[in-house]
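Asks: The structure is given below, and queries will be raised subsequently.
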Amino acid sequence: GQPRRPHPAVGQAEVLSLAVLVMAVLPPLLVASAVAEELEDKTAAYLWSRPIARWTVLVGKLVVLLPLAAALVAGGTAAALRTLGPVDGGAGLTTISAALAAGASALGLCAAGISSLAPRQGTAVTIGYIILIDLPLGVLPAAIANLSITHHVDTLTGRDGVSAAPMIGLAALALAWGGLALWRIRTAE
């Protein structure tokens with residue numbers, strides 16, 4: 001039969017708001033424990049048989065976990081938006097999905113960076129950072145909002161079309177957090 005229509009009060013804006021909340025939780029849950037494991041357990045027992053740098057193990061974990069988080073967030077949101085009918089506004093479903101996937105990856109690297117600083121509480125600290133600092137910072141009507149990952153994702157999924165500035169800002173923040181994680185792993189060896 002016909003797909004069941006959601007409650008009339010649920011629209012594209014509500015689905016995107018929920019997607020941002022899922023992004024605030026899912027990447028930290030997947031990534032933070034992997035980074036903490038590298039710092040806490042030091043994977044020495046596994047690396048004795050084939051000595052490789054620990055940062056390569058972290059990169060391997062991130063290569064698997066970041067696309068997984070991106071696919072879950074973008075795919076789930078795309079499925080929810082499809083049940084609502086055609087996507088409103090300037091950004092189409094493909095653009096919204098790509099922005100959410102990039103945002104989930106960036107928040108995963110943020111989780112890696114924060115977890116490298118606080119390995120025992122990495123997940124909780126990362127979720128707290130995203131909810132208490134990144135999200136509020138992103139809604140400020142000032143240039144400081146550019147320090148927020150969620151601000152760039154919101155800009156990319158918005159009705160104003162797509163520009164290069166939020167993509168560059170998102171990439172810069174992701175590289176900064178990822179670089180911090182790799183630096184901490186390398187200095188812990």
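The values are calculated or read from the model by the stated rules, or taken from the named source; none is laboratory data. Predicted model only: the values in this text are computed from it and were never measured. Note: ideal-geometry Cβ built from the backbone for every residue, glycine included; neighbour counts use all protein chains shown. Remember, those area values only see protein heavy atoms, side chains included, never the ligands or the DNA or RNA. Shrake-Rupley method; radii C 1.70, N 1.55, O 1.52, S 1.80 Å.
Asks: Report the label-to-label distance for Ile144 and Ser17 in nanometres (one decimal), using points 7 Å from each Cα along the Cα→Cβ vector.
Replies: So the two model labels end up 2.4 nm from each other.
Asks: Rounded to the nearest 0.05, what FRET efficiency is calculated for Gln121 and Thr56 with R0 set to 25 Å and r the Cβ-Cβ distance?
Replies: 0.45
Asks: Counting other C-beta atoms within 10 Å, and keeping those with at most 10, which DSSP coil trypsin sites (Lys or Arg not before Pro) do you find in segment 127-186?
Replies: Listed in order of number, the matching sites are Arg159.
Asks: Taking the full set of protein chains and a 1.4 angstrom probe, give the accessible area of Ile168 in square angstrom, rounded to the nearest 10.
Replies: 110
Asks: Sticking with this one: Report the FRET efficiency, 1/(1 + (r/R0)^6), for Ala164 and Ala71, where r is their Cβ-Cβ distance and R0 is 25 Å, rounded to 0.05.
Replies: About 0.55, to the nearest 0.05.
Asks: While we're here: Could you report the accessible area of Trp55 in Å², rounded to 10, computed with a 1.4 Å probe on the protein chains as they sit in the structure?
Replies: 90
Asks: If you don't mind, there's one more thing I want to ask. How big is segment 52-143 on each of its three principal axes, counting only the C-alpha atoms and giving the largest first in Å?
Replies: 48, 34, 22
Asks: Can you give me the Rg/Rh ratio for segment 62-113, using Cα atoms for both radii and the Kirkwood formula for Rh?
Replies: On the Cα set of segment 62-113, Rg over Rh gives 1.05.
Asks: Using the basic label-point model (7 angstrom from Cα toward the beta carbon), what is the Val64 to Thr83 distance in nanometres?
Replies: With each label placed 7 Å out from Cα toward Cβ, I get 3.1 nm.
Asks: Distance from a point 7 Å along Cα→Cβ of Val25 to each backbone N in segment 129-161: keep the residues under 16 Å and list them by number.
Replies: Only 129-132 fall inside the zone, counting backbone N under 16 Å.
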